[in-house]
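The values are calculated or read from the model by the stated rules, or taken from the named source; none is laboratory data. Since the structure is predicted, the reported quantities are computational estimates derived from the model, not experimental observations. Note that we place each Cβ from the backbone using ideal geometry, even for glycine, and neighbour counts take in every protein chain shown. All accessible areas refer to the heavy atoms of the entire protein, side chains included, with ligands and DNA or RNA removed. Shrake-Rupley method; radii C 1.70, N 1.55, O 1.52, S 1.80 Å.
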Amino acid sequence: CSVASMSKAIDAMKKKGFEVELITGPVPSASVLKRKLADKSQLWFISQQDLRFDNDHYKVMQEFFDNGHGLYVWGDNDPLNTDANFIIQKMFGITMGGDYYARQVLSIQKAPGEPGIVPDHLISTGMVSFFEGDSIASIKIGGGLEPLIYSSDRNIVTAYYDHDGKRALIDGAFTRLWDGDWGTCAGTERYIVNAAVWLANIERHGYTPSLK
């Protein structure tokens, strides 16, 4: 992310035992990206308005994902989801879009389709309340993705994939990852740590003691 600091999100992951490498500025070439991912358990990236990835980047990400390593795709309200949609359309046949304004405090979902995070998922462990972003893209479910979080207007704003040993999170800017909104986003740190542990796919890969 070239426009905001990710230090608090990174600090939260490091407290949990992860090693984190933040890539800022120009997107590395596909070959460099592949080398950087060689010893990583997961890849997180933040979408921007301009397309920064090409088919070679996509192939690297697809191979990384197919080998059971976690993928976190963070988009945003239109038009700040261009490269997120490039990846998830190719990978899952779905897109995100829209521009919903919210900023509500949510909790565990009370009934299917209601606002909040779905119960009984590893990512929802220990979650009590959390603050939705102020501009959110909704996600069209498909390609094996399932709803994880519904916004206060009952749009699907975060979805997950968990099949055949492969895990991914698609986030329509529900969770604010950078420091500017950190102080107002209740539950953000817990969510990020839970998501990172889940994406590490410890049951399959057994990353210890330092998760990358």
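A 23 angstrom limit on the alpha carbon distance is what I want to check against. Which of Lys8/Lys90; Lys34/Lys90; Lys36/Lys59; Lys40/Lys166 exceed it? Beyond 23 Å between Cα atoms: Lys8/Lys90. Rolling a 1.4 Å probe over the protein heavy atoms leaves Glu19 with an accessible area of roughly 90 Å². Using only C-alpha atoms and all pairs of different ones, pull out the Kirkwood radius for the chain in Å with one decimal. Computed over the chain, the radius equals 17.1 Å. Of the solvent-accessible surface of the range 1-48, computed with a 1.4 Å probe and all protein chains present, 54% belongs to carbon and sulfur.
For the set Arg52, Arg35, Arg154, Arg103, the ranking by accessible area, highest first and with no ligand, DNA or RNA atoms included, is Arg35, Arg154, Arg103, Arg52 under a 1.4 Å probe. Each residue of the range 161-172 is assigned a 3J(HN,Hα), and the resulting list reads 10, 8, 9, 6, x, 10, 9, 8, 10, 10, 10, x Hz, derived from the Karplus form 6.51 cos²θ - 1.76 cosθ + 1.60 (θ = phi - 60°), x at Gly and Pro.
What does the net charge come to around Leu145 if you take all other residues with beta carbon closer than 14 Å to its beta carbon, with K and R at +1 and D and E at -1?
Details: positive: Lys90, Lys140, Lys166, Arg167; negative: Glu146, Asp162, Asp164, Asp171.
That sum, taken over residues with Cβ under 14 Å, equals 0.
Scanning residues 5 or more positions from Arg167 or on other chains, those with amide H under 5 Å from its amide H are Leu71, with H placed 1.01 Å from N in the peptide plane. Between Lys59 and Leu122, the simple label model (points 7 Å from Cα in the Cβ direction) yields a spacing of 3.1 nm. On a per residue basis, the range 1-148 carries 48 Å² of accessible surface, using protein heavy atoms and a 1.4 Å probe. Per atom type, the range 84-163 shows carbon and sulfur on 50% of its accessible surface, probed at 1.4 Å.
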